[in-house]
Amino acid sequence: MKKILFILWLGLLSLSAEEITVAVAANVSYAIESLVTSFKQQHPDISVRVTLGSSGKLTAQIQNGAPYDLFMSANMAYPQALYEANLTQEPPHIYAQGLLALFSTKPQDYTKGLALLKMPNIRRIAVGNPKTAPYGQATQTLLKNVHLYNEVKPKFVYGESIAQTISYAMTATDIGVIAKSALYSKQMRGYKEHVNWLGIDPTLYTPIQQGMVVLRPSSASQAFYDFILEKEAQAIFKSYGYLTI
């Protein structure tokens, strides 16, 4: 009898367990593991599956019926477009603000600031493609604001997402303009500020307002949405180099 009750109990647990799939912009890939771990401590009955990609490609997948429950974009434009297309019930909400940084695997003279990009030893610069990567759009705005864009544009090597831009900065170029959040990942924590990287003054550009939206309403998707806006999750974002809301 006890064995039967135990089996029934396990069955009820499996029935009550829920799974959600979250589409996550590439720049959040460094923080998402910590976020999901913290969420699971609060909601052990909810399983979170993560799909990473560029915001533009994830949006296209959603428009074509991809079964995601939530979308955490690298900017507000993509989830806003989904809302305007009636693919979400509510407009997007800002969950964090992304920042830019200069990064090189080799020591650089960061006392020069952004003028470093003009130096003859900097022959190739990894940047996000402004057509597909919100961080690429922010980089373009930054360099135009400081009147460097036309001078350094011939050096650009474009990444289609911030993850690809970081890969190019580490393997194929002399320096890159990347998401500051990447520098707090396990793979990059060994690189040193003012030696390998420099945070870029956010008054020189508009920090990237990253938007989140629920695609398939449920108690589980709402729980994750609410958690991302709470103090615990916001503290995690801050620890990964974001400005918090």
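FYI, it's all coordinate maths here, none of it is from the lab. Here the structure is a predicted model, which means the values were calculated and not measured. With ideal geometry, Cβ positions are generated from the backbone for all residues, glycine too; neighbour counts draw on all protein chains shown.
Multiplying the sequence separation of K118 and A85 by 0.36 nm and subtracting their Cα-Cα distance, what value in nm do you get? Mind dumping the intermediate values first?
Details: separation 33, 0.36 × 33 = 11.88 nm, distance 4.27 nm.
Result: 7.6 nm gained on full extension.
Calculate how steeply helix 219-228 sits against the longest principal axis of the alpha-carbon atoms of the chain, using the helix alpha-carbon long axis, and give the answer as 0 to 90 degrees to the nearest 10.
30 degrees
Helix 2-16 sits at what angle to the longest principal axis of the chain, using alpha carbons and giving 0 to 90 degrees rounded to 10?
Value to nearest ten degrees: 40.
If we count every other residue with Cβ under 14 angstrom of F224's Cβ, Lys/Arg +1 and Asp/Glu -1, where does the sum land? Please report the intermediate quantities before stating the final value.
Values: positive: K40, R49, R216; negative: E18, E19, D45, D69, D226, E230, E232.
So the environment of F224 carries a net charge of -4.
Karplus couplings for region 205-210 from phi (6.51 cos²θ - 1.76 cosθ + 1.60, θ = phi - 60°), rounded to Hz, Gly and Pro as x?
Using θ = phi - 60°, the values come out as 7, 8, x, 6, 7, 8 Hz.
Determine the alpha carbon to alpha carbon distance for each of K57/K153; K112/K144; K112/K231; K40/K192 and list only those over 29 Å. Spell out each step's value before the answer.
Numbers: K57/K153 25 Å; K112/K144 18 Å; K112/K231 37 Å; K40/K192 32 Å.
Table pairs above 29 Å Cα-Cα are K112/K231; K40/K192.
Using Cα centres only, tell me the gap between region 138-213 and region 61-75 in whole Å.
25 Å
Please state the charge dipole magnitude for region 100-204, taken about the Cα centre, from unit charges on C-beta atoms (+1 on K and R, -1 on D and E), reported in debye and rounded to the nearest 20.
120 debye
What ranking, highest mean first, results for peptides 71-78, 57-64, 151-158, 170-177 when packing means the other Cβ atoms within 10 Å averaged over each residue? It would help to have the intermediate numbers written out before the result.
Numbers: 71-78: 24.8, 57-64: 16.6, 151-158: 15.0, 170-177: 20.2.
The densest-packed peptide leads the list: 71-78, 170-177, 57-64, 151-158.
Please give the peptides 115-127, 131-143, 39-51, 98-110 ranked by average Cβ packing (other Cβ atoms within 10 Å per residue), highest first, as a rough proxy for protection. Intermediate results must be reported in sequence, preceding the final value.
Working: 115-127: 16.7, 131-143: 22.7, 39-51: 14.4, 98-110: 18.9.
Answer by packing, highest mean first, reads 131-143, 98-110, 115-127, 39-51.
Could you tell me the relative contact order of the chain? Use alpha-carbon pairs under 8 Å, at least six residues apart, and round to a whole percent.
Numbers: 463 pairs, mean separation 71.9, N = 245.
With pairs under 8 Å counted, the relative contact order is 29 percent.
What chymotrypsin sites (Phe, Trp or Tyr not before Pro) in region 190-234 are in a loop by DSSP, with at most 13 other Cβ atoms within 10 Å of the Cβ?
none
Once you place label points 7 Å from the Cα toward the Cβ at Q61 and L229, how far apart are they in nm?
Between Q61 and L229, the label points sit 2.5 nm apart.
List, in order, the whole-Hz ³J(HN,Hα) value for each residue of region 27-41 obtained from phi through the Karplus relation with A = 6.51, B = -1.76, C = 1.60 and θ = phi - 60°; use x for Gly and Pro.
In residue order, the calculated couplings are 5, 8, 4, 6, 9, 5, 4, 5, 5, 5, 4, 5, 4, 5, 5 Hz.
To the nearest 10 degrees, how steep is helix 162-171 against the longest Cα principal axis of the chain, on a 0 to 90 scale?
For 162-171 against the chain, the angle is about 50 degrees.
Arrange E90, E160 by Cβ neighbour counts within 10 Å, fewest through most, would you?
Details: E90 11, E160 18.
Ascending number of Cβ neighbours within 10 Å: E90, E160.
How about region 173-245: which GluC sites (Glu not before Pro) there lie in a loop by DSSP and see at most 14 other Cβ atoms within 10 Å?
Hits after loop and neighbour filter: E230.
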